[in-house]
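**Q** If you scroll down you'll find the structure; I have some questions about it.
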Amino acid sequence: MGIDIGTGSTKAVAVDVKGNTLYIAQHYYPLNSPQPGYSEQDPELILAAFLNCITDVVKKAEKPPIAISLSSAMHSLIPVDSGGKALMAMMTWADARSEQIAEKLRATEQAKHIYRTCGTPIHAMAPLCKLMWLGENKKEIFDKAYKFISIKEYIWHHLFGDFEIDHAIASATGLFDIEQLKWSGEACELAGISTGKLSAPVSNSYKRDDLNPTLATSLGLDKNTPFIIGASDGCCANLGSFVTAPGVASLTIGTSGAVRITSGVPVIDTDAMIFNYLLNDNTFVCGGAINNGGNVLDWLLKTIMDKKRPGDSDYDELFTRIAEIPAGSEGLIFLPYLYGERAPLWDTNTCGSFFNIKPQHTQSHFLRAGLEGICLALKDVLQTVELASAPIERIHISGGFITSPIWTQVLADITGKELVIVQQEDASAIGAVFLSMKALGYEQLKQPVIDQKLVIRPDLQHYANYADSYLLFKRLYGDLKETMHWLHGR
């Protein structure tokens, strides 16, 4: 069983030893924003969703799994006491309250050195910057905390009573030396903590089989069921999407989005700050993430289409209307930066903007331009990664968006790349399964023969037209950046 602990939900996927999907369970939880820039969640709700996923699958299977492996969203931060109890709500990857600290730090030479050492971009998403903010603004909680941990560590501590962190999650904190495989003294000193305030780092194949017997019984598990600590969602998605060879990238769109490659060495770019997270001790998952993915479509549905509680039929209507508008939205351009932006801009002060509005543009044009804006932002990341590494010929795609033919086609047309749906289930959960199979000595699964029905090829005429849209898209941000920052600082 692979379990992916995501931003909006936790999803469990159970497979047999040949990789065939048998059972799926998914539980959702809310994201809270009590103030502008805040992005918080209740870790107890996420823990409950995790446990419910296990019991749901066990009930469906009518027997316990051979093993359970974990994938998790990155960059969360929870101050806890010695018993693992949260001292405040969890700060998610999207929490931007440390943006000013990150912006100031990013302008220094020290930031470049920490980025080269730790592989994580200097940004408000990074626990490094979150810790600096807590030290300045929540001093009582900061001083009281026994440990500072992520949501996976929170769940792991509930299961086994120890504070342990896998190398993949650790390498996404901005505090972990990705070459020496230990906490960076320099980064921890900058964050105002000792390395003892962080969990013990372990490899992504690390295994525990000493679950509390009472808890095991309540979950329907054998008390000796092996739990493999696994990796981060991005690293697991690369594994689950079979992105391990040169010239192939993975692209995921969920709430946010990301482009990733797999490399034997870190891909360092101090301007674009390409991330470098550890898949294992000598393999890195490198790329860039955007803030604005499925959350932008949700905004379009609620704001433009006035669907207050969007359901499946509303999304069907959205995509139908988008398909009725020609590629390029008749010149309407959308900068999708509603929630600021990470790669390659690293600009929390940017904002969304529609440009070149004309009398012929209808509501449906705005919907299509919104979708195209997300894809143009992903192309920006894709080109940045290619320039810093090597050309990318094929993209393996995953995430909820793969069920939309119009969305996948627009993405292919804008990037000019061949897209392949390799994994129709949750790629991160499947990647976690692969890690457990390797840890337990099972034969590693090979990539299946690509089903040509699951290959999306770009329309070359549309690709040529979108090339002009992309140039305008890039120019617009440069032209509007100063005004956006002025607005943000008023």
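**Q** Quick one: accessible surface of residue 177, probe radius 1.4 Å, all protein chains present, in square angstrom to the nearest 10.
**A** It works out to around 30 Å².
**Q** Would you give the gap between the C-alpha center of the range 253-295 and the C-alpha center of the range 133-201, rounded to a whole Å?
**A** Here the answer is 21 Å between Cα centres.
**Q** As an exercise, identify the GluC sites (Glu not before Pro) in the range 1-107 lying in DSSP coil whose Cβ has no more than 10 other Cβ atoms within 10 Å.
**A** Listed in order of number, the matching sites are 62.
**Q** How many Å² of accessible area per residue for the range 129-261, probe 1.4 Å?
**A** Working: 4670 Å² over 133 residues.
Dividing the accessible area of the range 129-261 by its residue count gives 35 Å².
**Q** Accessible area, 1.4 Å probe, largest first: how do 18, 11 sort?
**A** Largest to smallest exposure gives the sequence 18, 11.
**Q** Now for a separate question. Between the DSSP loop rule and a limit of at most 16 other Cβ atoms within 10 Å, which GluC sites (Glu not before Pro) in the range 359-423 are left?
**A** Details: sites: 372, 386, 393, 418; in loops: 393.
For GluC sites (Glu not before Pro) across the range 359-423 that sit outside H, G, I, E and B with at most 16 neighbouring Cβ atoms in 10 Å, the list reads 393.
**Q** Another question, if that's okay. What pairs from 112/446; 307/446; 152/446; 104/308; 104/417 go past 31 Å between their alpha carbons?
**A** From 112/446; 307/446; 152/446; 104/308; 104/417, over 31 Å: 112/446; 307/446; 104/308; 104/417.
**Q** Explain nothing, just the number: dipole magnitude of the range 320-423 about its Cα centre with +1 on each Lys and Arg Cβ and -1 on each Asp and Glu Cβ, in debye rounded to the nearest 20.
**A** That gives the range 320-423 a dipole magnitude of about 160 debye.
**Q** Under the rule of -39500 (n - 2.57) per DSSP H run of 4 or more residues, summed and divided by the residues of the chain, what mean residue ellipticity at 222 nm is obtained, to the nearest 500 deg cm²/dmol?
**A** -12000 deg cm²/dmol
**Q** Show me the GluC sites (Glu not before Pro) within the range 250-337 that DSSP assigns to loop and that have at most 13 other Cβ atoms within 10 Å of their Cβ.
**A** Working: sites: 317, 324, 330; in loops: 324.
Here the sparse-neighbourhood loop sites are 324.
**Q** Read through the labelled values [x] 25.3; [y] 22.8; [z] 29.0 and report the label of the one computed as Kirkwood radius over Cα pairs in Å from the structure.
**A** It is the one labelled [y].
**Q** Considering only protein heavy atoms and a 1.4 Å probe, what is the carbon-and-sulfur percentage of the accessible area of the chain?
**A** Of all accessible area on the chain, carbon and sulfur atoms account for 50 percent.
**Q** Still on this structure: Ignoring ligands, DNA and RNA, what accessible area per residue does the range 415-490 give at 1.4 Å, in Å²?
**A** It amounts to 62 Å² per residue over the range 415-490.
**Q** Then there is this: In whole Å, how far is the Cα centre of the range 58-125 from that of the range 420-456?
**A** Using only Cα atoms to place each centre, the spacing works out to 25 Å.
**Q** Still on this structure, I have one more. Of the listed peptides 152-159, 309-316, 117-124, what is their order by residue-averaged count of other C-beta atoms within 10 Å, with the highest listed first?
**A** 117-124, 152-159, 309-316
**Q** Here is a follow-up. Please list 261-269, 216-224, 69-77 highest first by mean number of surrounding beta-carbon atoms within 10 Å per residue. Please report the intermediate quantities before stating the final value.
**A** On the way: 261-269: 17.6, 216-224: 15.4, 69-77: 28.8.
Order by mean packing, descending: 69-77, 261-269, 216-224.
**Q** Still on this structure: For residue 11, go through the aspartates and glutamates and keep the ones whose alpha-carbon is under 15 Å away, minus same-chain ones fewer than eight residues off.
**A** Answer for residue 11, where 15 Å is the Cα cut-off: 56, 233, 425, 426, listed by chain and number.
**Q** Compute the accessible area per residue over the range 1-117, keeping the other protein chains in place, probe 1.4 Å, unit Å².
**A** 43
The values are calculated or read from the model by the stated rules, or taken from the named source; none is laboratory data. Bear in mind the structure is a predicted one, so any value in this text is a computation, not a measurement. Cβ atoms come from the backbone with ideal geometry, glycine included; neighbour counts cover every protein chain shown. For accessibility, only protein heavy atoms count, side chains too; no ligands or nucleic acids. Shrake-Rupley method; radii C 1.70, N 1.55, O 1.52, S 1.80 Å.
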